[in-house]
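Read the structure below first, then the notes.
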Amino acid sequence: MRISNYLRNIFLEASKNAFGECNLILFGSRIDDSKKGGDFDIAVKKEMSIEEFKKAKVKFFKTLILKDLDLPIDLVLYSKANNLLKQEINKGEIL
Amino acid sequence: MLKNKNIFSKQLKKIKRHYEALKEYKEFIDKMKFDFTQEKFQLLEISQKAVLDAYLKRFASLQDYLGAKIFRSLLDIAGITYTKMSEVLTLIEKEEIVSLDKWIELRNVRNELEHDYPEDLEDALNDLKYCIDNFDYLSNTVKKVFEFARKYNENIKLS
């Protein structure tokens, strides 16, 4: 997967702060080593409502913004993803 | 740093154009009495759907432009120094122009709109409802921007 250790640790810290204990799965173009650049597609694996997820998502991005990291991240909640998206996520790797 | 006061005036005029268009669309949408259900959405006329689309585009443009240009310019004109993006947002929050949490929430929804129409119409309608419900917040932010600018002799009036 194409992510630096530095960013990986920051994503994990931000997610722990926002979502508590959960798994983060990196999927999409960032797990293809032959590609360059691209958004970070990340799925959060934890049981929560969409409303809880939206609130936690604000916390997640706030942590990053306060570290001056304004990155193209598409954060989705695994349990609410449609089947097609779940298939994509299942090809991903746990951060 | 803002090099030219004229640039700031032009930026404010651009915000004013976005704001006035958004306000006009919002008035049109309010008259539609649309309840954001999928059933009612299917029954809308193309012209009504076009206004909803136009509203979302203006909402996104206004939000983007405030974040990308205006907040920095406000600090520049007030002589408040900053070096990083995080400082811009925290200083703007300190000036009570936006709340950082609310701003990030708006940005998150705005980024979802970016992915074209989400495949799921229900999600798209929820985001649309959010943007319409938050017209007042964005509108108040614009008003605060103009009030702040007035302290530095920028006298462009909002309608």
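Using the 10 angstrom Cβ neighbour count as an exposure proxy, how do A:SER29, A:SER34 rank, fewest first?
Working: A:SER29 14, A:SER34 6.
Ascending number of Cβ neighbours within 10 Å: A:SER34, A:SER29.
How many percent of the alpha carbon pairs in region B:41-82 exceed a separation of 11 Å? Don't jump to the answer; show the numbers that get you there.
Values: 594 of 861 pairs.
Of the Cα pairs, 69 percent sit more than 11 Å apart.
In what sequence do A:PHE11, A:PHE53 fall when counting other Cβ within 10 Å, fewest first?
A:PHE53, A:PHE11
Enumerate the aspartates and glutamates that A:LYS45 could reach by cross-link, defined here as Cα to Cα under 16 Å, with residues fewer than 8 away along the same chain left out.
Excluding near neighbours in sequence, the set is A:GLU13, A:GLU21, A:ASP74, A:GLU88, A:GLU93.
Using +1 on the beta carbon of Lys and Arg, -1 on that of Asp and Glu, and nothing else charged, what's the dipole of chain A about the Cα centre, debye to 20? Intermediate values should be presented prior to the final figure.
Numbers: 17 positive and 14 negative charges, 19 e Å.
Taking the Cα centre of chain A as origin, the dipole is about 100 debye.
If you consider only alpha-carbon coordinates, what radius of gyration and Dmax does the protein assembly as shown have, in Å?
Here Rg and the maximum Cα pair distance are 19.9, 57 Å.
Return the subset of A:LYS59/B:LYS102; B:LYS14/B:LYS49; A:LYS86/B:LYS49; B:LYS14/B:LYS143; A:LYS54/B:LYS23; A:LYS16/A:LYS91 for which the Cα-Cα distance in this structure is over 20 Å, preserving the input order.
Values: A:LYS59/B:LYS102 11 Å; B:LYS14/B:LYS49 25 Å; A:LYS86/B:LYS49 30 Å; B:LYS14/B:LYS143 14 Å; A:LYS54/B:LYS23 26 Å; A:LYS16/A:LYS91 23 Å.
Violating the 20 Å limit, Cα to Cα: B:LYS14/B:LYS49; A:LYS86/B:LYS49; A:LYS54/B:LYS23; A:LYS16/A:LYS91.
Using DSSP, restrict attention to beta bridges with both residues in the protein assembly as shown and report what percent are antiparallel, rounded to the nearest 5. Mind dumping the intermediate values first?
Numbers: 7 of 12 bridges.
Given both bridge residues lie in the protein assembly as shown, the antiparallel proportion sits at roughly 60 percent.
Compute the signed sum of charges (Lys and Arg +1, Asp and Glu -1) over the other residues within less than 11 Å, Cβ to Cβ, of A:ILE94.
Numbers: positive: A:ARG8, A:LYS45; negative: A:GLU93.
So the environment of A:ILE94 carries a net charge of +1.
What distance in nm separates the simple spin-label points at B:ILE156 and B:GLU20, each placed 7 Å from Cα in the Cβ direction?
Going by the 7 Å Cα→Cβ label model, 1.1 nm.
Looking only at chain A, where both bridge partners belong to it, what percent of the DSSP beta bridges are antiparallel (to the nearest 5)? Display every interim value, and only then the final one.
Working: 7 of 12 bridges.
Here the antiparallel bridges make up roughly 60 percent for chain A.
Show which aspartates and glutamates lie in cross-link reach of B:LYS10 when reach means a straight Cα distance below 14 angstrom and same-chain residues fewer than eight apart are skipped.
Counting by Cα, and skipping residues close in sequence, B:LYS10 has these aspartates and glutamates nearby: B:GLU154.
Kirkwood Rh over alpha-carbon pairs of region B:1-72, then Stokes-Einstein at 10 °C and 1.306 mPa s: what D in µm² s⁻¹, rounded to an integer?
Details: Rh = 13.9 Å.
Here the translational diffusion coefficient equals 115 µm²/s.
State log₁₀ I(q)/I(0) for chain B at q = 0.15, 0.16 Å⁻¹ as given by the Debye formula over alpha-carbon point scatterers of equal weight, solvent excluded.
Rounded to two decimals, the profile gives -0.81, -0.90.
With N set to the number of residues, divide the alpha-carbon radius of gyration of region A:5-94 by 2.2 N^0.38 Å and report two decimals. Could you put the intermediate results ahead of the total?
Details: Rg = 12.6 Å, N = 90, 2.2 N^0.38 = 12.2 Å.
Ratio of Rg to 2.2 N^0.38 Å for region A:5-94: 1.04.
Readers should treat all values here as calculations from the given coordinates under stated rules, not as data from a laboratory. The structure displayed is predicted, hence computed values, not measured ones. Cβ: placed from backbone, ideal geometry, glycine included. Neighbour counts: every protein chain shown.
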